[in-house]
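The values are calculated or read from the model by the stated rules, or taken from the named source; none is laboratory data. On a predicted model such as this, the values are computed, not experimentally measured, just so you know. When we count neighbours, we look across all protein chains shown, and the Cβ atoms used for this are built from the backbone with ideal geometry, even at glycine.
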Amino acid sequence: MITALLPIFFAVLLLGLPILLPLALAVFLAIEFFGATNPVIVPMRMFTGMNNFSLMAIPFFILAAELMRIGGLSDRLINLAKALVGWVPGLGSGYGAVMSLLRGHFRFKPCHGGGDWLDHVPGTGRGWLR
């Protein structure tokens, strides 16, 4: 099947179409004419493969970062970190330490009550800002 897939891909690519069309057309034609798989199963397997929590977390993480940027929250957090440790020369990593303290301060404890050990771990922010 790979001997049919590559020539079809490069032939359609030379037509100057966007990369999506040569990829999709080459795969569809290779599966249709040379594959032992039913073409109806291909979209089902694609959507099953995308139904993964880790893969869905990536676009939501990017969305959250973009919303923080648009709303100005990220700029305010960086300015707060600069105000707290920015006056110390050479303390660029202090921004990360302050941000981890702030992140830990807003974290919720687990429902089962096993989060008490976090109160004594440096860098989690528990007990530091009280």
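When the stretch 25-40 is filtered for residues that are loosely packed, with under 12 Cβ neighbours inside 10 Å and in a helix (DSSP H, G or I), the ones remaining, listed by number, are E32, F33.
Screening the candidates L21, L84, L67 for the property of being assigned to a helix (DSSP H, G or I), surrounded by 10 or more Cβ atoms within 10 Å (Cβ to Cβ) and touching a residue at least 12 places away in the same chain (Cβ under 8 Å) yields one hit, L84. Considering only residues in the stretch 1-15 that are assigned to a helix (DSSP H, G or I) and not β-branched (V, I, T), the one that is farthest from F33 (Cα to Cα) turns out to be L13.
Restrict the check to the stretch 34-45 and report whether at least one residue is at pLDDT 70 or above and touching a Gly at 6+ places or on another chain (Cβ under 6 Å). Among the residues of the stretch 34-45, not one is at pLDDT 70 or above and touching a Gly at 6+ places or on another chain (Cβ under 6 Å), which makes the answer no.
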